[in-house]
Amino acid sequence: MAKAKTTGFFCKECGFESAKWAGQCPACHTWNSMVEEPVGKKDSSRHMLPGVRKAASHPVRLSEVSIEEQDRMSTGYRELDRVLGSGIVAGSLVLVGGDPGIGKSTLLLQVCRNLAAGNHKVLYISGEESLKQIKLRANRIGSITGELLFLCETSLEDIEEAIRETKPWVVVIDSIQTMYREDISSAPGSVSQVRESTNILLQIAKGMGIAVFIVGHVTKEGVVAGPRVLEHMVDTVLYFEGERNASYRILRGVKNRFGSTNEIGVFEMQEQGLTEVENPSEYLLSGRPEDASGAVVACSMEGTRPILLEVQALVAQTNFGMARRTAAGTDYNRVNLLMAVLEKRCHYEMSRYDAYVNIAGGVRMNEPALDLAIVLALVSSLKDRPVNPRCIIFGEVGLSGEVRAVSMAEQRVREAVKLGFEACILPQVCLGKMKKVEGIQLYGVWNVREAIGLI
Ligand code: TYD
Ligand code: MG
């Protein structure tokens with residue numbers, strides 16, 4: 001008799017399951033992503049907790065569904081609430097991803113502290129750190145009051161038990177990669193463990209109306225380790241990013257069933273934990289050299305919020321045949337394209353120069369509205385002539401050197417006025433559609449040549 005198959009092959013990217021190995025996943029076409037893992041019990045995904053009531057198993061009208069105000073809880077941080085879509089939704093499953101050491105545990109511990117102080121029962125489950133380590137961190141972020149319970153556990157069966165007993169409002173699972181189910185024989189962190197563990201947490205969240213935060217580590221490629229199915233299963237995916245050596249962190253929503261995904265939240269890591277940065281523009285522009293060539297202030301929209309930042313360029317004669325180009329904080333190919341536009345449409349011999357473009361402060365911004373600022377920073381550095389430091393610049397640049405319209409021009413201009421800017425170079429198309437803004441001189445331009453003439 002043939003032996004029953006105990007292992008199968010899973011795609012690390014999308015979770016596709018197959019009986020044989022393949023070099024390329026047939027489902028998502030990723031190369032070299034199939035790994036061999038023991039096959040769990042087939043009925044594992046249908047696992048139902050005894051204490052969990054199945055939500056709405058009979059069809060209802062939407063008008064019968066009541067939405068209560070308390071269904072959304074504030075985290076105590078406006079920056080985080082906005083990214084979540086105005087607070088935590090009861091029964092939601094939120095995945096927080098990020099590089100190790102970026103501050104995921106710190107952020108969630110601080111959120112737990114705020115919730116506990118607001119008379120909510122919170123359960124923080126750590127599979128990575130001991131209670132002593134958590135206490136050391138808690139001491140740094142300040143005193144904890146109210147019902148904030150801690151549990152160091154990695155077995156999901158025990159975690160279910162604890163959740164059913166304590167009935168908290170919010171549960172934090174510190175790292176899904178450390179959790180395991182005993183009835184699945186593969187190691188913690190493997191595709192099937194991560195998927196099945198999330199499945200259970202999903203049932204806990206939906207069935208008991210508990211908001212569950214899951215911490216997920218990211219791989220070298222920057223996606224949450226484990227199968228991509230994890231992202232499909234949860235309601236909200238947030239990435240916590242930032243430079244290791246810079247102190248501020250950006251929380252970015254990449255998926256949100258309860259709000260917009262364009263929002264970002266800005267935090268700063270300090271000795272006593274994370275603090276909110278309410279005015280990121282001021283923060284990003286602080287310490288700016290006033291009359292250096294190659295530095296211009298641009299405006300990027302992050303969701304509904306305009307953020308002013310400094311674009312820097314350094315253009316220097318190349319010593320080798322091949323010019324060097326780098327772009328930090330923005331898209332490298334975009335910078336190459338803009339240099340080609342300068343070369344072809346404005347007749348600057350950019351190929352004879354090395355060019356380094358940087359968004360000051362280590363943030364990553366990819367909005368096309370930065371194009372015009374990058375172009376003018378390059379020209380300013382090439383000519384070694386500083387641009388008026390009280391002038392902001394935004395606009396998308398097209399391949400024929402035209403300056404195209406960008407969205408929400410008026411908000412951008414208002415933000416600039418708020419921070420004391422006196423002049424603004426913007427697409428003429430936007431200027432035509434805008435209401436008048438007091439206290440700032442507006443210059444509309446049709447193309448790059450016109451903008452260069454202005455500075
Ligand atoms: P942590 O939350 O442990 O990161 P993650 O859970 O994402 O791996 O963050 C640890 C880092 O934050 C560590 O480098 C120390 C730093 N930190 C501070 O600078 N101040 C603080 O108050 C705390 C708690 C941590
Ligand atoms: Mg951690």
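The values are calculated or read from the model by the stated rules, or taken from the named source; none is laboratory data. Worth saying up front: this structure is predicted, and the values here are computed from it rather than measured. Neighbour counts run over all protein chains shown; Cβ positions are idealised from the backbone, glycine included. Calculation scope for accessible area: heavy atoms of the full protein, side chains included, ligands and nucleic acids excluded. Shrake-Rupley method; radii C 1.70, N 1.55, O 1.52, S 1.80 Å.
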> Relative contact order for the chain using alpha-carbon pairs under 8 Å, separation at least 6, rounded to a whole percent?
Replying inline: 12
>> Tell me the per residue accessible area of the range 309-371 using a 1.4 Å probe; a whole number in Å² is fine.
In response: 50
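Expressed as a rounded percentage, what relative contact order does the range 283-454 have, with Cα pairs under 8 Å and six or more residues apart?
Computed over the range 283-454, the figure is 25 percent.
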> Within the chain, which cysteines find no other Cys whose Cβ is under 4.7 angstrom from their own?
Replying inline: Cys112, Cys152, Cys299, Cys346, Cys391, Cys424, Cys430
> For the chain, what % of the accessible area comes from carbon and sulfur atoms, probe 1.4 Å?
Replying inline: 51
> Accessible surface of Arg140 in the full protein assembly, 1.4 angstrom probe, to the nearest 10 Å²?
Replying inline: 140
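From largest accessible area down, sort Met339, Met322, Met233; use a 1.4 Å probe on the protein chains. Mind dumping the intermediate values first?
On the way: Met339 0, Met322 155, Met233 40 Å².
Reading off the accessible areas and sorting them downward yields Met322, Met233, Met339.
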> Between Ala117 and Asn366, what FRET efficiency follows from the Cβ-Cβ distance if R0 is 35 Å, with the result rounded to 0.05?
Replying inline: 0.40
> Given a Förster radius of 30 Å and the C-beta distance between Ala162 and Ala187 as r, what FRET efficiency does 1/(1 + (r/R0)^6) yield to the nearest 0.05?
Replying inline: 0.85
>> What is the angle, in °, between the Cα long axis of helix 131-141 and the longest principal axis of the Cα atoms in the chain? Nearest 10 is fine, range 0 to 90.
In response: 30
> Can you give the accessible area of Trp169 in Å² (nearest 10), computed on protein heavy atoms with a 1.4 Å probe?
Replying inline: 110
>> I'd like to check one number: the per residue accessible area of the range 71-278, probe 1.4 Å, reported in Å² as a whole number.
In response: 38
> Percent relative contact order of the range 134-248, based on C-alpha pairs within less than 8 angstrom and at least six residues apart?
Replying inline: 22
>> Rounded, prolate or oblate for the chain? Axes are the square roots of the Cα gyration tensor eigenvalues, ordered a ≥ b ≥ c, and the cut-off for rounded is a/c under 1.5.
In response: prolate
> By how many degrees, 0 to 90 and rounded to 10, does the Cα axis of helix 191-208 deviate from the longest principal axis of the chain?
Replying inline: 80
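Give the ranking of His232, His217 by solvent-accessible surface, highest area first, calculated with a 1.4 Å probe.
Values: His232 125, His217 45 Å².
My answer, sorted largest first, is His232, His217.
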> Full extension from Gln317 to Asn279: what is 0.36 nm times the residue separation minus their Cα-Cα distance, to one decimal in nm?
Replying inline: 9.9 nm
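Pull out the extension gain between Glu450 and Arg78, defined as 0.36 nm times the separation in residues minus the alpha carbon to alpha carbon distance; nm, one decimal.
On the way: separation 372, 0.36 × 372 = 133.92 nm, distance 4.11 nm.
Extra length from Glu450 to Arg78 when fully extended: 129.8 nm.
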> How many percent of DSSP beta bridges within the chain run antiparallel, rounded to 5?
Replying inline: 50
>> Just to verify a number: FRET efficiency for Asn333 and Asp71, C-beta to C-beta distance, R0 = 51 Å, to 0.05?
In response: 0.70
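Classify the range 71-278 from the C-alpha gyration tensor, please: rounded if a/c falls under 1.5, else prolate or oblate depending on whether a/b exceeds b/c.
Numbers: a/c = 1.32, a/b = 1.18, b/c = 1.12.
Because its axes are fairly even, with a/c under 1.5, the range 71-278 counts as rounded.
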